[in-house]
Amino acid sequence: MSLVSRPDVATDAFETHRPRLVRLAYRMLGSVAEAEDVAQDAWLRWRGVETSEIREPAAWLTRTVTRLCLDHIKSARARRETYVGSWLPEPLIGSFEPEDDAADDLTLTLMMALERLSPLERAAFLLHDVFGVGFAEVGTTLDRDAAAVRQLAARARKHVQEARPRFPVAPEEGDRIARAFFDATRSGDLAALGAMLAEGVTLHSDGGGKVFAFPRPIIGLEHILRLYAGLNRKFGAEAFEHIRPMRIDGLPGYASLERGQLLQTTALSIEDGRIVGIFVTRNPDKLARVAAELGLN
């Protein structure tokens, strides 16, 4: 009887931890699809061991997923070296599970800061600071002593703190600014747009070589105003359709259609009431889940 029931017990144990594992893998890799692939690989390894002898399944699975992600990052970073234009994480709409909405506060802006860390720094920070794993266990996972992983996490924490907004915007205010931003860019109202943007605002757009996007970040209020003025002159207001407001990796934003066909998401980083970062994802490979959510497939 025990041999027959054991696989179901193993499956139940894994499924209990799957949302957390996928969330960890996404934070490591920046891709939901790759995160789910890693979780599936961890599942296959889980089924290949005698799970009844594993005293702490959560620790074993977290350790396995982290190591798989570290292996995966090597090839992922190699691909990004040849990536066409700016790279942005795959837009994460909401959360993997409803109860995970407040599980961590790593916004898209902070995900970009994590991209500048070494893989070990990223893993140490995520495991300890975000997922609450003790330094001793982090050391076991990364094959480092506790003192070393403390240093890794501390270096990562410094980068993240520098990128974290001092006064996070309230969700309602963020949604209001996001809608006003769309309306101003669509209509070409440069006075309204200029009043919303910080002097050092930066725009990142990711087309992945599949659709048009700006190959490098556009920096500065005047440059971005000229950009949106040019887009309005070229396409006109009717070319852009607002579909739905949404939270994108914790930031206020929206999904829109260009000329009724090209889906994109726009996320806004806001500090002191002004937009400091604009993140536009246009790569259709990264928008399949958003399209499905919106019923556009």
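Each value in this text was obtained by applying a stated rule to the coordinates, not by laboratory testing. Treat the numbers as computed from the prediction; the structure is a model and nothing was measured. Reconstructed Cβ throughout: ideal geometry from the backbone, glycine too, with neighbour counts over all protein chains shown.
A few remarks follow.
- Where GluC sites (Glu not before Pro) fall in DSSP loop in segment 25-60, at most 11 other Cβ within 10 Å: Glu50
- Averaging the sequence gap over all C-alpha pairs within less than 8 Å and six or more residues apart, then dividing by the number of residues, gives the chain a relative contact order of 18 percent.
- Computed from the Cα positions only, the extents of the chain along the three principal axes stand at 70, 43, 38 Å, in decreasing order.
- Segment 1-94: Cα Rg divided by the 2.2 N^0.38 Å rule of thumb: 1.25
- Taking a straight Cα-Cα cut-off under 15 Å and skipping sequence neighbours fewer than 8 places away in the same chain, the aspartates and glutamates within cross-link reach of Lys158 are Glu115, Glu121, Asp129.
- Segment 171-293 - Rg over Rh from alpha carbon coordinates, Kirkwood radius: 0.92
- Anchor Lys234: lysines whose Cα lies under 29 Å away (excluding residues fewer than 8 positions away in-chain): Lys210, Lys286
- Mean separation of Cα contacts under 8 Å (6+ apart) over length of segment 2-163, as relative contact order %: 22
- Taking Lys210, Lys74 and counting other C-beta atoms within 10 Å, the order from fewest to most: Lys74, Lys210
- Subtracting the Cα-Cα distance of Ala195 and Leu294 from 0.36 nm times their residue separation leaves 32.6 nm of extension gain.
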